[in-house]
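These notes concern the structure reproduced below.
Bear in mind these aren't lab numbers, they're just calculated from the coordinates by the rules spelled out. Predicted model, so just to flag it, every value in this text is computed and none were measured. Cβ atoms come from the backbone with ideal geometry, glycine included; neighbour counts cover every protein chain shown.
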Amino acid sequence: MYRGRFAPSPTGPLHFGSLVAAVGSYLQARSHGGEWLVRMEDIDPPREMKGAADDILRTLEAFGFEWDGELLYQRSRSEAYRDALNQLDHANTLYGCVCSRKEIADSSSAGIEGPVYPGICRRTPINASGVRAWRVRTEGAHIHFEDRWQGVVERDIARDFGDFVVRRADGLFAYQLAVAVDDAAQGITEVVRGADLLESTPRQIHLQQLLGVPTPDYAHLPVVLNERGEKLSKQTYAAPVDRIDPLPALFAAAVFLGHTPPPEMRDGDIESFWRWSIEAWNPERVPRKRGLPATTGARAA
Ligand code: GLU
């Protein structure tokens with residue numbers, strides 16, 4: 001049984017970039033006759049925007065997405081994340097880190113996504129009261145996976161990322177931990193999301209292996225770039241999609257993903273759009289790129 005998911009963070013309204021991830025994961029799930037779940041990734045209150053979670057859900061509904069089962073809110077999952085940390089701790093793969101931001105910046109080398117922590121606190125027994133963040137051990141972790149669209153990815157976690165944080169200095173659970181725990185708990189068989197998260201995948205697989213849970217398949221879609229070649233995001237002021245008139249944006253998302261809906265469908269309804277797209281969806285048509293500029297159609301949407 002195929003089970004996919006869409007996992008937005010409520011940091012702002014749905015924009016065209018996040019719509020593409022929703023459409024890609026939805027069509028992949030529905031064309032397999034599978035389930036599609038929505039998980040609200042609200043574990044980082046400082047980054048969240050008030051009302052964004054409800055706004056995203058109302059937009060998904062207006063666009064005709066139908067999700068299976070209950071919505072999962074990550075803010076209700078602290079116990080599961082705590083259990084996972086305990087499990088890592090019992091397996092001696094977790095350690096407390098007392099280093100300050102400055103100490104880390106001064107002692108780290110550059111990795112694929114930011115500084116590679118040199119493991120100071122892994123080697124020095126520390127006094128538990130000074131612990132700021134909790135890190136997972138990574139020595140010897142070589143992760144290899146084949147992404148449906150991005151091809152083979154091989155990473156040496158210790159060299160490329162270092163011992164990474166699973167519980168932050170502010171007490172919040174880290175994204176990598178929450179996603180690894182929830183994808184397993186929800187029985188996700190394939191993760192379809194934007195290629196901006198491709199480099200998170202090796203860390204998530206490392207956590208799955210430490211926690212003894214299955215690794216789903218991975219399929220990273222090209223991300224939508226603006227005229228300046230930047231990923232559409234709240235930080236680059238991407239415009240929200242229009243929930244009063246969803247069809248142009250849905251149409252543009254299908255085109256971005258390599259599909260060509262018949263022109264007369266522009267004047268149709270969203271039900272016929274979804275019927276056509278689920279039938280016509282062919283993952284082979286999705287461009288095998290990390291990022292692509294929005295098409296003319298997408299800009300118009
Ligand atoms: N919540 C993440 C985001 O909105 C996506 C997480 C995921 O799909 O794994 O960027």
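The table that follows gives values for the structure above.
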{"read-out": "Stokes-Einstein D for the range 172-301, Kirkwood Rh over Cα pairs, 20 °C, 1.002 mPa s (µm²/s)", "value": "128"}
{"read-out": "Rough spin-label spacing in nm, given labels placed 7 Å along Cα→Cβ, for residue 109 and residue 73", "value": "4.4"}
{"read-out": "Total lysine pairs under 25 Å (Cα atoms) in the chain, excluding pairs fewer than 8 apart on one chain", "value": "4"}
{"read-out": "Beta bridges by DSSP in the chain, antiparallel share as percent, to the nearest 5", "value": "55"}
{"read-out": "More than 21 Å apart - percent of Cα-Cα pairs taken over the range 1-130", "value": "60"}
{"read-out": "Distance histogram for the range 69-111 (every C-alpha pair counted, 5 angstrom bins, percent rounded to whole numbers)", "value": "5, 16, 13, 13, 15, 19, 12, 4, 2, 0"}
{"read-out": "Extended-chain gain in nm, criterion 0.36 nm per residue less alpha-carbon gap, residue 61 and residue 199", "value": "46.6 nm"}
{"read-out": "Other-chain or far-sequence residues with amide H under 5 Å of residue 221's (modelled H)", "value": "193, 194, 195"}
{"read-out": "Linear extension gain, residue 1 paired with residue 159, 0.36 nm per residue minus alpha-carbon span", "value": "53.3 nm"}
{"read-out": "Descending semi-axes in Å of the chain, equivalent ellipsoid built from Cα gyration tensor", "value": "36, 19, 19"}
{"read-out": "Theoretical gain in end-to-end length, residue 227 to residue 129 [0.36 nm per residue, Cα-Cα removed]", "value": "30.4 nm"}
{"read-out": "Rg/Rh ratio calculated on Cα atoms of the range 99-158 (Kirkwood radius)", "value": "1.08"}
{"read-out": "For the range 95-106, Karplus couplings with θ = phi - 60° (6.51, -1.76, 1.60), whole Hz, Gly/Pro x", "value": "8, x, 10, 9, 5, 7, 3, 5, 4, 5, 4, 6"}
{"read-out": "Cysteines not pairable in the chain (beta carbon separation under 4.7 Å absent)", "value": "99"}
{"read-out": "Tail beyond 12 Å, pair distance distribution of the range 130-190 (Cα, percent)", "value": "74"}
